[in-house]
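Have a look at the structure below before the remarks.
The values are calculated or read from the model by the stated rules, or taken from the named source; none is laboratory data. None of the values given here were measured: they were computed from a predicted structure. Here Cβ is always computed from backbone atoms with ideal geometry, including for glycine, and neighbour counts include all displayed protein chains.
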Amino acid sequence: MPLTSTTWFNSYFTSGNYDEMFTPEMGIRPPWKALFSAFKAFGTEGLNARQRDMDWLLYENGVTYNVYNDPKGMNRPWDLNLVPFVLQEKEWKTLAEGLQQRATLLDLVLKDVYGKRHLIQDGIVPHEVIYGHRGFLRQCSGIAYNTEKMLSIYAADVSRGTDGRLWVVNDRTEAPSGMGYALENRYTSQRVLPELFAQMAIKPLSNFLEQLDQLLVSASPEPKDNPNIVILTPGSHNETYFEHAYLASYFGYRLVQGNDLVVRDGFLWMKSLKGLKKVDVVLRRVDDAYVDSLELREDSQLGVVGLLDVVRRKNVSVINPVGSAVMENPGLIPFMPAIANYFLKQELLLPQIASWWCGQNKEKQYVLDNLPQLVVKRIDRTNRESIHFGEFMTAAELEQLKKEINARPYRFVAQERIHFSTAPNLNGSGIEPRNTVARAFAIAMGDNYNIMPGGLVRVAPDRDTIRVSNQRGGTNKDFWVLEEGPVSQVPILQKYHKRDIVASGLDDLPSLTAENLYWAGRYVGRTLMTARYLRMVFRQMAVQPDANEHTSSVKLRALFESVTQVTGTYPGFVGDEEVTTKAFENPKAELLSVMGDKTRAGSLGHTIEMFGNSYYAIRNLWSSDMWRVFKSIQRVWRGFEADKTPTINDCIKTLDQLITRLIAFMGLVEESIMVQQGLLLYFIGLQLEQSMLTITKCRSLLTVKQEGHVEYELLEYLLASHESLNIYRYSYRSYIQMEQVMDLLLFDVQYPRSLAFMLNRLHKDVSRLPHSKSAHQLYGYQKHIFEAFSRVRLADKLELMKIDEEAGPLRHQMDAFFDDLSDLLHQASRTLSAVYFNHTQKRRQLVNPSFPI
Amino acid sequence: MIFNLTHSTEYTYSAQVSHGHNIGILRPRVAQGQELLDFEVQILPEPSEQSERIDFFGNHITRFSLQTPHKILKVVTKSRIKRNFGAFHQAYQTDACQKVTLSVALQSLQRLDPDILEARQYLLESIFIRRANEEIRQYAATSFHPERSIFDATYELMQRIYTDFDFVPGFTTISTPLVEVMEHRKGVCQDFAQIAIACIRAVGLPARYVSGYIETLPPEGQEKLVGADASHAWFSLFIPDFGWVDFDPTNNQLPIDQHIVVGWGRDYYDVPPLKGVVYGSGNSKLKVAVDITREE
């Protein structure tokens, strides 16, 4: 059905509010005209198709956000609506000037409250508005900064009021989020609506990003061309972790957590593989109170002990400075006109919502008398959950609120309830009006601020909702500023910035990242080997016609025991009869548990989960192709988990799909990550894990001598689980023999799946690690790996195969051989961790109080 | 009167500590009737770096970092202090101190002159002293009336806390909520000071927390024991147009010269003697000794 203006009207008009696109007379406002006709040409179907492209692109790129305590889980897909928010450049300029003024004022207020506090002394701002705000950190008083502006990054939530002007709704100063999402929104809409970008003069965002980079570079305590800039994130569970990782990879900054950093000698250092590397600038996404557990919240694990003192000495710049949360303060709103006059002798350019601070008697009385018509907020809690909408409250709730206001009046501000404008939103069947809030961004540049020509526009989750927040789930829009002149040729926004990350090299790799890569390698290896092994066992179960027949039962028994040994899911099939009877009575149930029970350490489900965790923790390194494959691995796995009664064939099918995807994933890892970015660590983890599991597998199937035909078949299974059966047949063209199987799987230095090959490679890889280079002697972990490699090279297979007939079927020498190898590799793993990943050292408070600041 | 004061804090760890960062308010500040003649701090092991600064409330903060592995941390401060509080104490007898009623004080607190503004921050809630509950309000209301002198009312409040509360070391820790102290009527000096502050703030007056030392005198005829003196805490009431007046509810007295001030803040949180974060596993044992001698 073609989209005509009639269908727009039909579904569109509901309220008398200001609408961004339509005039009250149903005319289309000028900035929207070009967009409207283009959309008309697309038709409903065309629009929906583009929306699907958009969803797909975001999904492919792994754009997500997290919602705390959300049953739908982490990493929810980002929801971008096809219809952008459009502003004419002329109006945007007015907004930009207003934002520049407001940022300038807030910067002056921030400097004043942490400095001489003239505003309080001169009676411009009541002291309770500052001292009574939990974001006012007395520890930060009197600090001098390296940057001219104290407020380096500022964000404002802006909405259009009924008078048609753009109003400031909220100030964001602590660690404003959204810039990364705004970038991704633009990148996506350029890809999905290329013809509109060619026809309409949409202001590009790229300059603004350059400026952000400049801001951080120039914030360095000592002028440097290439200062060490890090993004401090609370970790992968934070709601905007995607953005932290995104900005880090866009600009080539290191993404670090508190544990990656340490304070020594009055400077801030990043723990890297090589050792400590000085940090110049921190773009901070950890909240104020959590950044230093020495001086601020004692219970915080997210920050760096002693950071504040490094800032105080001007040896590092933290952007925005610790303590800036006090500017997220609706208590300041009523005093902003006086502040503007005090500092700049100006009127405020942007309108604010009428607000009454209850710390003043007259204002408080007004608020108490008019509570049902007002919106009440605490001066220091501006998140949606702490806002009271008088009109929706019962009499009892209003009474309670009155009590709270009377008890601590200075904490509360009441605001007029505003009907903000609506903007068109595509909803699948048409276009409907939704309330929107735009987040605009400002960054300090010289003595003024630069405003992003765009921003992040958030849309209410449904037509009737007035509260807008991503934390509650909601849609977003790209924000287009239309230039007056002709369309200028603007380069498409590049996804990745060209900063030379290679120059910094492996030595500077944060040790937490290195550890995550190492574990990613280990878990990928473990997942693959476990999946292959289980698949081999399931296949045998599927083809054995009669499990009670002697040969079959001996074989299967040996295989089942080896499953427990390879996965380490003891007791399982191993141990005394009383323990294992249950498993042997129903081997399928036990195997299903080894496959699917993720609460069981060693199970495939558990390993996949660990693999997922290590993947998320370093997602800034992965490419979008890898993200796609990773998602499909998860999809396969979730499909299996949803199946309550899988048959053996279902298991085999799942494992087949899993294995193919894992191999694709491993191939992508090798081609997408550079060695200097830490690929080496991934390889070390992978080779180490595969070596260890090869040893366990061979030990489990080879050390006990079996009857001839049983042994023959077990050898065949071993080869099959190692994906080496064809190679064996090709190389030896013979009956399967123990000696030759050992040659192929253990001793052949040319064959990439053999233990000798893997250990040799491991030996070469670890010698490239920073500490290996420094000494003439081999470093601890090198010794262990080299020794393991030598033992394999020097082994005499006939000796290993020897058996003492009287002592039973165990090949003692072989067992000892595998035991030693296994020990050596475990020691290597421990030494590697101790040398390179030792950042998790326990820290604790001398005195142990726990209380909120 | 001149005092020589030694304050030693010793942490013994069960396992080696590789490094640590510490801050503490150790250097006594200059205060009404108090001068600091000499001060030194000795830290073992030798800190890799050490600095001093003045905090928001005007206290001296000592900060140091340890980078040598150690099992014992010992911090010893030696101060030489001149106390001459007598003259100010005399002024308590004046009308300016004695005759300010609650209603007059509340009126004066509306003004914006610097002293009043400075004092008003001690009216607000603080980290350890949240808004008083009904029980604390009732307790305060017994002593404070609009037309009664706030000096008299506070004096009575001090006496009542002294009588009603038992001094029981170990019953509370620094993070025991005030309501619990109020309910059980047990605690130590910082609890009593904080209860008093909560009461005074509940009636709308500024009160601050004072941390310091107290010289203990041996019973008649006995030798004074080394280390018998102690860290101590009390509170201070702001009387508009007069100043800050100290009260010690633990000893039921108005401090004169035996109370040596180290620092003050809104509550204990603002003036911890020594705190820190250490890297290492295991537990720690704390030993504190304070010794005050008079210079002849």
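Condition check ((1) over 16 Å from A:Tyr523 (Cβ atoms); (2) in contact with a strand residue (DSSP E or B) (Cβ under 8 Å, 6 or more places away or on another chain); (3) acidic (Asp, Glu)) across all residues:
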residue: A:Ile663; (1), (2), (3): no, no, no
residue: A:Gly667; (1), (2), (3): yes, no, no
residue: A:Glu671; (1), (2), (3): yes, no, yes
residue: A:Gln690; (1), (2), (3): no, no, no
residue: A:Val704; (1), (2), (3): yes, yes, no
residue: A:Tyr712; (1), (2), (3): yes, no, no
residue: A:Tyr728; (1), (2), (3): yes, no, no
residue: A:Asp743; (1), (2), (3): yes, no, yes
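If only residues of the stretch A:79-115 that are at pLDDT 95 or above and in a loop (DSSP other than H, G, I, E, B) are counted, the one that is farthest from A:Cys358 (Cα to Cα) is A:Gly115. For the stretch A:225-239, filtered to residues that are touching a strand residue (DSSP E or B) at 6+ places or on another chain (Cβ under 7 Å) and modelled with pLDDT of 85 or more, the residue that is surrounded by the fewest Cβ atoms within 10 Å (Cβ to Cβ) is A:Pro227. Residues in the stretch A:99-123 that are among the hydrophobic types (A, V, I, L, M, F, W, C) and within 22 Å of A:Arg408 (Cβ to Cβ) were compared, and the one that is nearest to the other protein chains (Cβ to nearest Cβ) is A:Ile120. Residue-level analysis places A:Arg378 outside the set of residues that are within 14 Å of another protein chain (Cβ to nearest Cβ) and over 32 Å from the mean Cα position of the chain (by Cα). For the stretch A:279-323, taking the residues that are over 28 Å from A:Cys358 (Cβ atoms), in a helix (DSSP H, G or I) and within 13 Å of chain B (Cβ to nearest Cβ), the one that is nearest to the chain's Cα centre (by Cα) is identified as A:Leu307.
If we scan the stretch A:324-336, do we find a residue that is more than 14 Å from every other protein chain (Cβ to nearest Cβ) and assigned to a loop (DSSP other than H, G, I, E, B)? Yes, the stretch A:324-336 contains at least one residue that is more than 14 Å from every other protein chain (Cβ to nearest Cβ) and assigned to a loop (DSSP other than H, G, I, E, B).
Only one of the numbered conditions (1) of a type outside the set (S, T, N, Q); (2) surrounded by 14 or more Cβ atoms within 10 Å (Cβ to Cβ); (3) under 30 Å from A:Ala558 (Cα atoms) is not met by A:Asp804, and that is (2).
The rows are residues; the columns are (1) assigned to a loop (DSSP other than H, G, I, E, B); (2) more than 30 Å from B:Gln107 (Cα to Cα).
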residue: B:Leu205; (1), (2): yes, no
residue: B:Gly212; (1), (2): no, yes
residue: B:Ala233; (1), (2): no, no
residue: B:Phe247; (1), (2): no, no
residue: B:Asp257; (1), (2): yes, yes
residue: B:Gly276; (1), (2): no, yes
residue: B:Ala289; (1), (2): no, yes
residue: B:Glu296; (1), (2): yes, yes
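Consider the stretch B:10-30 and keep the residues that are closer than 25 Å to B:Arg208 by Cα and touching a residue at least 60 places away in the same chain (Cβ under 8 Å). The one that is farthest from the other protein chains (Cβ to nearest Cβ) is B:Pro28. Apart from one condition, B:Gly33 fits all of (1) touching a strand residue (DSSP E or B) at 6+ places or on another chain (Cβ under 9 Å); (2) in contact (Cβ under 8 Å) with a residue 40 or more places away in the chain; (3) on the phi < 0 side of the Ramachandran plot; the exception is (3). Determine if the stretch B:48-56 includes at least one residue that is modelled with pLDDT of 95 or more, of a type outside the set (Asp, Glu), surrounded by 14 or more Cβ atoms within 10 Å (Cβ to Cβ) and in contact with a helix residue (DSSP H, G or I) (Cβ under 6 Å, 6 or more places away or on another chain). Looking through the stretch B:48-56, at least one residue is modelled with pLDDT of 95 or more, of a type outside the set (Asp, Glu), surrounded by 14 or more Cβ atoms within 10 Å (Cβ to Cβ) and in contact with a helix residue (DSSP H, G or I) (Cβ under 6 Å, 6 or more places away or on another chain).
Has the stretch A:395-402 got at least one residue that is within 30 Å of A:Gln100 (Cα to Cα) and either free of Cβ contacts under 8 Å to residues at least 12 places away in the same chain or of a type outside the set (D, E, K, R) (or both)? Within the stretch A:395-402, none of the residues are within 30 Å of A:Gln100 (Cα to Cα) and either free of Cβ contacts under 8 Å to residues at least 12 places away in the same chain or of a type outside the set (D, E, K, R) (or both).
Residues that are small (Gly, Ala, Ser), buried (at least 16 other Cβ atoms within 10 Å of the Cβ) and more than 21 Å from the chain's Cα centre (by Cα) were ranked within the stretch B:135-152; the one that is farthest from the other protein chains (Cβ to nearest Cβ) is B:Ser149.
Would a scan of the stretch B:153-175 turn up a residue that is within 14 Å of chain A (Cβ to nearest Cβ) and exposed (fewer than 15 other Cβ atoms within 10 Å of the Cβ)? Yes: one or more hits.
Scanning the stretch B:80-116 for residues that are in contact with a Lys or Arg (Cβ under 8 Å, 6 or more places away or on another chain) and assigned to a loop (DSSP other than H, G, I, E, B) gives a single hit, B:Leu109.
Here B:Ala132 meets each of (1) of a type outside the set (D, E, K, R); (2) within 30 Å of A:Ser293 (Cβ to Cβ); (3) free of Cβ contacts under 8 Å to residues at least 12 places away in the same chain; (4) more than 9 Å from chain A (Cβ to nearest Cβ) with one exception, condition (3).
Here B:Gly263 meets the list (1) away from chain A (no Cβ under 14 Å); (2) in a strand (DSSP E or B); (3) in contact with a helix residue (DSSP H, G or I) (Cβ under 9 Å, 6 or more places away or on another chain) almost entirely, failing just condition (1). Just checking: which of the helices (runs of 4 or more DSSP H) contained wholly in the stretch A:175-255 hold 1 or more residues that are without any contact (Cβ under 8 Å) to a residue 40 or more places away in the chain? Correct list: A:194-199, A:206-218.
B:Arg29 meets all of the listed conditions (1) closer than 24 Å to B:Ser281 by Cα; (2) assigned to a loop (DSSP other than H, G, I, E, B); (3) within 25 Å of the chain's Cα centre (by Cα) but one, namely (1).
Condition test on B:Pro272, is it within 13 Å of another protein chain (Cβ to nearest Cβ) and not in a strand (DSSP E or B)? Answer is yes for this residue. Test A:Ala156 against the criterion of being touching a residue at least 60 places away in the same chain (Cβ under 8 Å), assigned to a loop (DSSP other than H, G, I, E, B), buried (at least 19 other Cβ atoms within 10 Å of the Cβ) and in contact with a strand residue (DSSP E or B) (Cβ under 8 Å, 6 or more places away or on another chain), and give yes or no. So A:Ala156 fails the test.
Within the stretch A:368-410, the only residue that satisfies the criterion of being hydroxyl-bearing (Ser, Thr, Tyr) and in contact with a Gly (Cβ under 7 Å, 6 or more places away or on another chain) is A:Tyr410.
Condition check ((1) more than 10 Å from every other protein chain (Cβ to nearest Cβ); (2) part of a strand (DSSP E or B)) across all residues:
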{"residue": "B:Arg53", "(1), (2)": "no, yes"}
{"residue": "B:Arg63", "(1), (2)": "no, yes"}
{"residue": "B:Lys78", "(1), (2)": "yes, yes"}
{"residue": "B:Glu118", "(1), (2)": "no, no"}
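Cβ-Cβ contacts under 7 Å between residues 6 or more apart (or on different chains), taken from a first residue in the stretch B:249-261 that is more than 14 Å from B:Ser236 (Cβ to Cβ) to a second residue that is among the basic types (Lys, Arg), are listed as B:Asp257/B:Arg83; B:Ile260/B:Arg83.
Scanning the stretch B:97-116 for residues being within 11 Å of chain A (Cβ to nearest Cβ) and not aliphatic (A, V, I, L, M) gives a total of 4.
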